[in-house]
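The values are calculated or read from the model by the stated rules, or taken from the named source; none is laboratory data. From a predicted model like this one, the values you see are computed outputs, not experimental measurements. All Cβ positions, glycine included, derive from the backbone under ideal geometry; neighbour counts span all protein chains shown.
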């Protein structure tokens, strides 16, 4: 596979074309951002950890019947993925009240939800990623009713699989954000990444009752260094994958 011209540079990744028109080359960066990019920092090792974490999570999801755009990990910071026509949506699943949801409804952070909540936001830093209903998505032509039905179905399947994965490594999956897109043959698939950047993950090994963050809230809220937390998540995921017969290449 040959790496060609850079197509896109976002907050955390660079995307390059390859000599296969259906495959992209992804390079994870060390940049951390919060508040739609208003807070930024370069954190050594972050890109490598997120590449390793998302690669093993995609493998664990595949073993549970959830397909994605992921093809293979190439190096510490690089991977190959299927090229997707992305829906301009942030797809959010919530299992526990936290973050903006808790503030929005005046609910104490950590309050269990009686059922998982699926939410959608328009992916736009300029607009502040505004909340949108499914009807709004269809009305604006961001996705069809049929596409939204499939996206919603897949989001709930991803949630069920991730709840299983993280429960096995003593981590509470509070909420997460994913993205989806369409392949050249029209298949809708999970895309982008699943890392502590995009998930709220709380350690359940600590029985003190205090919330122990293993996610980007450490950076977002100035609670501490994210690297030890991300290393902990990767170590536990790697052990789980190996116990399930999934080879993990460091």
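Of all residues in segment 30-43, those satisfying the criterion of being in a loop (DSSP other than H, G, I, E, B) and free of Cβ contacts under 8 Å to residues at least 40 places away in the same chain are 30, 38. Given the conditions (1) more than 30 Å from residue 210 (Cβ to Cβ); (2) surrounded by 16 or more Cβ atoms within 10 Å (Cβ to Cβ), which single one is not true for residue 125? The number of the failed condition is (2).
Filter segment 64-116 down to the residues that are part of a helix (DSSP H, G or I) and out of contact with any strand residue (DSSP E or B) (no Cβ under 6 Å at 6 or more places or on another chain) and list them by number. If the condition is that a residue be part of a helix (DSSP H, G or I) and out of contact with any strand residue (DSSP E or B) (no Cβ under 6 Å at 6 or more places or on another chain), then 99, 100, 102, 103, 104, 105 are the ones that fit. Scanning segment 97-112 for residues that are surrounded by fewer than 19 Cβ atoms within 10 Å (Cβ to Cβ) and either in contact with a helix residue (DSSP H, G or I) (Cβ under 6 Å, 6 or more places away or on another chain) or in contact (Cβ under 8 Å) with a residue 24 or more places away in the chain (or both) yields 99, 109, 110. The sole residue among 58, 70 that is free of Cβ contacts under 8 Å to residues at least 40 places away in the same chain, under 14 Å from the mean Cα position of the chain (by Cα) and buried (at least 18 other Cβ atoms within 10 Å of the Cβ) is 70. Residues that are in a loop (DSSP other than H, G, I, E, B) and surrounded by fewer than 23 Cβ atoms within 10 Å (Cβ to Cβ) within segment 180-196 comprise 183, 184, 185, 186, 187, listed in sequence order.
Looking only at segment 12-28, residues that are in contact with a strand residue (DSSP E or B) (Cβ under 9 Å, 6 or more places away or on another chain) and touching a residue at least 24 places away in the same chain (Cβ under 8 Å) come to 10 in all.
What do you reckon, is residue 235 without any contact (Cβ under 8 Å) to a residue 24 or more places away in the chain, on the phi > 0 side of the Ramachandran plot and not assigned by TED's automatic domain parsing to the domain that holds residue 15? Walk me through how you get there before you give the answer.
Working: without any contact (Cβ under 8 Å) to a residue 24 or more places away in the chain: yes; on the phi > 0 side of the Ramachandran plot: no; not assigned by TED's automatic domain parsing to the domain that holds residue 15: yes.
So residue 235 fails the test.
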